[in-house]
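Here is the structure we will look at, set down as structure tokens.
The values are calculated or read from the model by the stated rules, or taken from the named source; none is laboratory data. Computed from a predicted structure; not experimentally measured. With ideal geometry, Cβ positions are generated from the backbone for all residues, glycine too; neighbour counts draw on all protein chains shown.
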Amino acid sequence: MIQRPRGTRDLLPPESRLWQAVEAVAREVFGSFGGEEIRTPVFEPTELFVRSVGETTDIVHKEMYTFPDRKGRSLTLRPEGTAGVARAWLENRLGDRTQPLRMYYIGPMFRYERMQHGRYRQFSQIGLEIVGADTPLADAELLAAMHEFFLRLGFADLEIHLNNLGDPEDRARYQDVIRAALEPRRSELCADCQRRLDENPLRVLDCKVPSCQVAAADVPALDDVAGDASRQHVARVEAHLERLGIPYVRNRRLVRGLDYYLRTVFEVVSPQLGTNAVLCGGGRYDRLIADLGGPAVPGVGFAIGEDRLIEVLPARFRDVALARPAVYLVPLGEAAGAAVLELARGWVREGVPVEVEITGRSLKAALKRADRDGFRVVAMLGDDELAARTVTVRDLAAASQTSVPFTAMPAFWRDLPAASARREAERP
Ligand code: ATP
Ligand code: MG
């Protein structure tokens, strides 16, 4: 038997309903902040990620799926979404449009990671980018859109961690500060961090090995070394968040794993997720497009790990998304069997989702199936019903039975509490 590659998953029904429901909320929320969808290729020239994410980051150093194509060009399956958006911005001259552009994406990313719970080699991210605005207001708007998204899913216990990564000049100085602080303690660091100390000391602060975290705790915070411009920028972002009542914590150790970030960086952490607690990461990247050979265009964005998000989805949202959102229409007898698809088509056109019993189950077997698969409404169509142009509708939740004329089914469905529960659950 052929098996899927390690670290990949098959998303099966009914779980795929959760993904659809979450993505629908993302489109709705990000769309209502002025966002539009961008879809970039799943593979890009390797150089794009080396130049943007950074040669000495874990992602580029050891997590990329890189391969030569048939002409020997080096391609890489995208490990993250921002680099592709920046490339597309340049290549399609999006700078000629009115700025800023708010763009969201939903799609698979690929990283060659060690197998662990909540860590996959193909995983999905939902991201939002605001390109062409350098104001603290842009960061705050982005965070507000993110916060709204999590609220609509019903999350109440997430924490936003925020920090100032400084400007690139600050960072260059800070690399020296880290090196000076950690060089005497080199032997306490993991092998990766001993290399990081030479190549990119900032990355040591992002290491999850406990002994490295202990050593890193004594390094001064970047914000103490940063210049006024970045400190004022982040302070203004914080003021906006306070005004909006969006809770956050200032985490002076937060550095994030990608080189292109500066000034504002943040993560969203779920207390339920343990060591893979980070649900979302983001920050400002004002030099990224310039580093790719373009003009100095600022940007800020985040990416939410969809796999991890689904894992900790609040129960209420989950239940509603998983409820079978259809009428189960059961024909009983030959004449009903001949008429059933036409009836279903009419209802579908009126907005009633219908699943027809097409395998000839008896009434008893059909009711058992309805129960097992979570249908709320079973509509039975026998000879008498056909003659009267009605169906006998059983509401399994209310344990009641009524006769509903064919033409009244759309109204019946609309008035059913189960049908409106989905809309309810998404209300903030
Ligand atoms: P981590 O520290 O957990 O490795 P990261 O800093 O590498 O995360 P980002 O590059 O910031 O992650 O990606 C944003 C989000 O994408 C993460 O917060 C996480 O939810 C998700 N994510 C990243 N890598 C994976 C993976 N291998 N499997 C599942 N989700 C992932
Ligand atoms: Mg990682």
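Can we say Val255 is β-branched (Val, Ile, Thr), over 16 Å from Gln125 (Cβ atoms) and buried (at least 19 other Cβ atoms within 10 Å of the Cβ)? Considered against the rule, which asks whether it is β-branched (Val, Ile, Thr), over 16 Å from Gln125 (Cβ atoms) and buried (at least 19 other Cβ atoms within 10 Å of the Cβ), Val255 comes out as yes. Can you spot a residue in the range 282-305 that is at pLDDT 95 or above, within 30 Å of Gly227 (Cβ to Cβ) and hydroxyl-bearing (Ser, Thr, Tyr)? There is at least one residue in the range 282-305 that is at pLDDT 95 or above, within 30 Å of Gly227 (Cβ to Cβ) and hydroxyl-bearing (Ser, Thr, Tyr). Restricted to helices (runs of 4 or more DSSP H) entirely inside the range 258-356, those with at least 3 residues that are more than 23 Å from the chain's Cα centre (by Cα) and not assigned by TED's automatic domain parsing to the domain that holds Glu47 are 334-349. When His240, His233 are screened for being part of a helix (DSSP H, G or I), more than 17 Å from Pro168 (Cβ to Cβ) and either in contact with a helix residue (DSSP H, G or I) (Cβ under 8 Å, 6 or more places away or on another chain) or not assigned by TED's automatic domain parsing to the domain that holds Asp58 (or both), only His240 passes.
Check the range 77-95 and report whether any residue there is touching a Leu at 6+ places or on another chain (Cβ under 8 Å) and hydroxyl-bearing (Ser, Thr, Tyr). Yes; the residues of the range 77-95 include at least one that is touching a Leu at 6+ places or on another chain (Cβ under 8 Å) and hydroxyl-bearing (Ser, Thr, Tyr). In the set Ser230, Ser211, only one residue is free of Cβ contacts under 8 Å to residues at least 40 places away in the same chain and hydroxyl-bearing (Ser, Thr, Tyr); that residue is Ser211. Taken together, Leu202, Leu222, Leu258 contain a single residue that is within 23 Å of Leu189 (Cβ to Cβ) and either touching a Phe, Trp or Tyr at 6+ places or on another chain (Cβ under 6 Å) or of a type in the set (S, T, N, Q) (or both), which is Leu222.
Scanning the range 233-255 for residues that are in contact (Cβ under 8 Å) with a residue 12 or more places away in the chain and charged (D, E, K, R) yields Arg236, Glu238, Arg250, Arg252, Arg253.
Residues in the range 385-400 that are under 18 Å from Glu342 (Cβ atoms) and either assigned to a loop (DSSP other than H, G, I, E, B) or of a type outside the set (Val, Ile, Thr) (or both): Glu385, Leu386, Ala387, Ala388, Arg389. The residues of the range 2-16 that are modelled with pLDDT of 95 or more and not acidic (Asp, Glu), listed by number, are Ile2, Gln3, Arg4, Pro5, Arg6, Gly7, Thr8, Arg9, Leu11, Leu12, Ser16. Kindly indicate the residue of the range 290-347 that is of a type in the set (Phe, Trp, Tyr) and in contact with a strand residue (DSSP E or B) (Cβ under 7 Å, 6 or more places away or on another chain) and also nearest to Leu137 (Cα to Cα) among those meeting that condition. Looking at residues that are of a type in the set (Phe, Trp, Tyr) and in contact with a strand residue (DSSP E or B) (Cβ under 7 Å, 6 or more places away or on another chain), I get Phe302.
With respect to the conditions (1) under 15 Å from the mean Cα position of the chain (by Cα); (2) of a type outside the set (S, T, N, Q); (3) within 16 Å of ligand 1 (Cβ to nearest atom); (4) in a helix (DSSP H, G or I), Arg27 lacks only one, and its number is (3).
Taken over the range 101-155, the criterion of being under 18 Å from the mean Cα position of the chain (by Cα), on the phi < 0 side of the Ramachandran plot and at pLDDT below 95 is satisfied by His117, Arg119. The number of residues in the range 242-257 being near ligand 1 (Cβ under 9 Å from one of its atoms) and either over 21 Å from the mean Cα position of the chain (by Cα) or charged (D, E, K, R) (or both) comes to 1. Which of the residues spanning the range 114-141 are within 16 Å of ligand 2 (Cβ to nearest atom) and either without any contact (Cβ under 8 Å) to a residue 12 or more places away in the chain or surrounded by fewer than 16 Cβ atoms within 10 Å (Cβ to Cβ) (or both)? Passing the criteria: Arg114, Met115, Gln116, His117.
For the range 172-179, state whether one or more residues are at negative phi, within 16 Å of ligand 2 (Cβ to nearest atom) and out of contact with any Pro (no Cβ under 8 Å at 6 or more places or on another chain). There is no residue in the range 172-179 that is at negative phi, within 16 Å of ligand 2 (Cβ to nearest atom) and out of contact with any Pro (no Cβ under 8 Å at 6 or more places or on another chain). For the residues Leu309, Leu341, Leu332, Leu322, the requirement of being crowded, with 20+ Cβ neighbours inside 10 Å, of a type outside the set (Gly, Ala, Ser) and more than 16 Å from ligand 1 (Cβ to nearest atom) singles out Leu332.
The residues in the range 95-112 that are closer than 20 Å to Leu48 by Cα and either buried (at least 19 other Cβ atoms within 10 Å of the Cβ) or within 16 Å of ligand 1 (Cβ to nearest atom) (or both) can be counted, and the count is 10.
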